[in-house]
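Undergrad: Submitted below is the structure of interest, expressed as structure tokens.
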């Protein structure tokens, strides 16, 4: 047995060998799999599917056939790839929520907008739609080239010649190697109007007719006309698409949101799961419930937490936090007539399709001229036979080889003589002769018209516009299939809703104990009763004040860090509450200096135990995380001693030290910082700062006298204690509290 020849081993660099092979794969993916052709808008798998269905005579008037039969023909004759990938492509062509103008009419379970898969191909059936018929119109008239199939046994069309603008009408999506395409669907009537405008004027503005995408699932495109125009001009960009939401009012003042259309490409099941997750995770406190009431039509009902919630606030929040608003990208990357991938503008893509339409028109006209010439040749032979009928019969009866004799005697062509010999006797009626003459005259007139058409660009433009008008009538805005579904209306981006708007506003009383246990009692409880509330043994009240659930609370530690708490997230008033250290990352050794509402004052006075302090804007002390925010950095050995709200009219600062000396100075001498150590408020020989406060100088200082009577004392003339910031001060007025606290 002879040994088989072995291919020689080629010594080549690995990187070049790999790059050469990968380049072949990349080009194959780009040109023969992932990118659509600008002329018919189809990828090879879709083209082969429709071609196989056409050969199976699955036109709209015929019955359905099993999808398994179609898939089998496609992978066996034209497309040697996996059956599941071919069936998935076929399913998408039949989904009314995926394709604006479906090319396949499916019977059975072809999936749904919830995201459920189609049934297996042995259960489903299909046939072509009228759109597919229009797209393939002209295949029998030499309107496009054919090529051999992968095994050379049959022929398949290189592209479809029909006058339906499939690329932009149905859109496309695909990922190749190093490039991708994403084309949203558009309205066919608008595209045809734009194409007609380009036929008359190649520089026409197509955006006068194409307003924006037209999705099969409806919705709203909320971009500005300028943004839409920019995306179409470059062929790259995107569109913000929103669900269609209506507010349904109920008796008694209640209301709910009803979603009737969702953004294109969003699975309804996942959309509802996402909204439900917002409820479970409490990311949208004003959201109450969501339920699916859909049948054939989409209907999602969203209920607010309470009827007092503002509908606009809830809608804006849902747009920001859920897939009720998405972005549909535009990347008009297609194969042009030379099979070269490139990104086109909307005008370029339409112009390329119009050019293709002219090519098809000329090829179909030339094909028809050839057919007419063939028929006229035969009709001429028939007429000669009728004029010389007796002699023709005589030749046929007497000659052994009548064909050469007839050709020589009557100057016939071979085809004419063959046709006369094949003619049936019943056609020798006088009526038949008249019909032949009538047919010849009609064909001669049609031939002249076609020759004029091919010789005149103006006639070709007129004819193409007339043909496109017929297609537009079938998909016009007044038809069920052609009516625009997506509304184009500009809207601002969904605004960020403040936390206060997300929370139902309710009065609470905040209580913080000396050991750091915090709680919020419902309603505004009498603050004097905080002393009698129950606390753990050895514990008692430290801070108690009224607030609303929409408030943010500022907690200041003696380390100089400020922390922010949401009043709505505080534990309830039953029991002792919870340790505040569970809510924030507060150092275990740190003491709590202050707890107040963030909106108490615009500015705060902060001071350390060594007498240094400054003013800070309350907004600058709000922390975004559990770790808090450093506002004051006390010097070594010192700590943050006090945080006081500054009144809007306060113009002086009063400071008192442990040495019981009081100093008053203008607030203008105090620095305003966002962070730091501050400046010296008062100078001490020993001890430190005991308390400080801001006040209006002309009204003087007021303090409590102590005792059960609750008497107050006011010192209206603070002139004797007025000095420059940093002075030592002097002994306070008679009756000043012994604890050195204002």
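None of the figures in this text is laboratory data; all of them are computed from the coordinates on show. A quick note: this is a predicted structure, and the numbers were derived from the prediction, not measured. Every residue, glycine among them, receives a Cβ derived from its backbone with ideal geometry; neighbour counts consider all protein chains shown.
Undergrad: At a Förster radius of 25 Å, what calculated FRET efficiency corresponds to the Cβ-Cβ distance of residue 445 and residue 200, to the nearest 0.05?
TA: Calculated transfer efficiency: 0.35.
Undergrad: In nanometres, what is the gap between the two model label sites at residue 299 and residue 20, each 7 Å from Cα along Cα-to-Cβ?
TA: If labels sit at residue 299 and residue 20, their model points lie 6.6 nm apart.
Undergrad: Express the relative contact order of the stretch 593-644 as a whole percentage, based on alpha carbon pairs under 8 Å and six or more residues apart in sequence.
TA: Relative contact order here is 47 percent.
Undergrad: How far is the Cα center of the stretch 424-449 from the Cα center of the stretch 541-570, in Å?
TA: So the two Cα centres are separated by 101 Å.
Undergrad: Normalising by the residue count of the chain, find the relative contact order in percent from Cα pairs under 8 Å and 6+ residues apart.
TA: RCO, the chain: 9 percent.
Undergrad: Equivalent ellipsoid semi-axes for the stretch 325-481, as square roots of 5 times the alpha carbon gyration tensor eigenvalues: give them largest first, rounded to whole Å.
TA: One finds semi-axes of 51, 18, 14 Å for the stretch 325-481.
Undergrad: For the chain, what proportion of DSSP beta bridges, expressed in % and rounded to the nearest 5, is antiparallel?
TA: 95
Undergrad: Shifting gears a bit: What is the list of residues in the stretch 357-377 whose amide nitrogen lies under 18 Å from a point 7 angstrom out from the Cα of residue 423, following Cα to Cβ?
TA: What the label zone holds, given the 18 Å backbone N cut-off, is 374-377.
Undergrad: Residue 88 to residue 226: extension gain in nm, 0.36 nm per residue of separation minus the Cα-Cα distance? Don't skip to the answer; put the middle values down first.
TA: Numbers: separation 138, 0.36 × 138 = 49.68 nm, distance 3.72 nm.
Using 0.36 nm per residue and subtracting the Cα-Cα distance, I get 46.0 nm.
Undergrad: Right, something else. What order do you get for 257, 350 when you list them from fewest to most C-beta neighbours inside 10 Å?
TA: Values: 257 21, 350 25.
Least crowded to most crowded, the residues run 257, 350.
Undergrad: If you find the alpha carbon centre of the stretch 312-354 and of the stretch 111-179, how far apart are they in angstrom?
TA: The distance from the Cα centre of the stretch 312-354 to that of the stretch 111-179 comes to 21 Å.
Undergrad: Still on this structure: Obtain the nm distance between the two label points defined at residue 409 and residue 320 by a simple spin-label model: each point lies 7 Å from its Cα along the Cα-to-C-beta direction.
TA: About 9.8 nm, to one decimal.
Undergrad: Here's something else I'd like to know. Please list 180-192, 572-584 highest first by mean number of surrounding beta-carbon atoms within 10 Å per residue. If you can, show how the numbers build up before the last one.
TA: Values: 180-192: 23.8, 572-584: 15.4.
Ranked from most to least packed, the peptides come out as 180-192, 572-584.
Undergrad: From zero up to wherever the largest Cα-Cα distance of the stretch 244-323 sits, split into 10 Å bins and tell me the percent of pairs in each.
TA: All Cα pairs considered, the percentages come to 18, 56, 24, 1.
Undergrad: Counting only helical runs of four or more DSSP H residues, what would the 222 nm mean residue ellipticity of the chain come to if each run contributes -39,500 (n - 2.57) and the total is spread over all its residues?
TA: My calculation for the chain gives -9500 deg cm²/dmol from helical runs alone.
Undergrad: Relative contact order of the stretch 181-243: what whole-number percent is it, with Cα pairs under 8 angstrom and at least 6 residues apart?
TA: 30
Undergrad: Same structure again: Using 0.36 nm per residue of separation minus the Cα-Cα distance, give me the extension gain between residue 674 and residue 397 in nm, one decimal.
TA: Computed gain between residue 674 and residue 397 is 87.7 nm.
Undergrad: If you don't mind, there's one more thing I want to ask. Arrange 357, 67 by Cβ neighbour counts within 10 Å, fewest through most, would you? Please list the in-between numbers first.
TA: Numbers: 357 21, 67 29.
Lowest to highest Cβ neighbour count: 357, 67.
Undergrad: How high is the FRET efficiency between residue 537 and residue 273 when r is their beta carbon distance and R₀ equals 41 Å, given to the nearest 0.05?
TA: Numbers: r = 48 Å, r/R0 = 1.17.
After rounding, the FRET efficiency stands at 0.30.
Undergrad: Quickly work out the residue 246-to-residue 336 label distance, labels modelled 7 Å from Cα along the C-beta direction, and quote it in nm with one decimal.
TA: The modelled label-to-label distance comes out at 4.8 nm.
Undergrad: Within a 10 angstrom radius of the beta carbon, how do 150, 319 rank from fewest other beta carbons to most?
TA: Ascending number of Cβ neighbours within 10 Å: 150, 319.
Undergrad: Could you calculate the FRET efficiency of residue 343 with residue 371 from 1/(1 + (r/R0)^6), where r is the beta carbon distance between them and R0 is 51 Å, rounded to 0.05?
TA: That pair, residue 343 with residue 371, gives E of 0.80.
Undergrad: Measure out, as a whole number of angstrom, how far apart the alpha-carbon centroids of the stretch 647-661 and the stretch 76-90 sit.
TA: Spelled out, the Cα-based centre of one part sits 85 Å from the other.
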